[in-house]
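Below is one structure, written out as structure tokens; comments come after it.
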């Protein structure tokens with residue numbers, strides 16, 4: 001798919017789908033990096049101490065490839 005088509009698709013994403021909490025996004029990204037280097041227990045502990053909701057922790061550590069888009073139109 002051409003770059004212009006991707007840009008059009010990104011611009012069509014409703015704002016509600018975008019991540020409003022960039023701090024949480026950054027914590028989740030760090031947790032996923034820890035998953036790869038330190039394992040799931042340490043990654044979960046890291047996210048828990050940063051007040052990431054337990055449902056989010058389970059989702060992102062069990063299926064990190066299913067994360068929402070980080071890039072939003074704007």
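Computed extension length for residue 32-residue 51: 5.3 nm, one decimal, from 0.36 nm per residue of separation with the Cα-Cα distance subtracted.
Full extension of the chain between residue 4 and residue 23 gives 3.9 nm of extra length, using 0.36 nm per residue less the Cα-Cα distance.
Read-outs: derived from the displayed coordinates by stated rules, not from any lab. Here the structure is a predicted model, which means the values were calculated and not measured.
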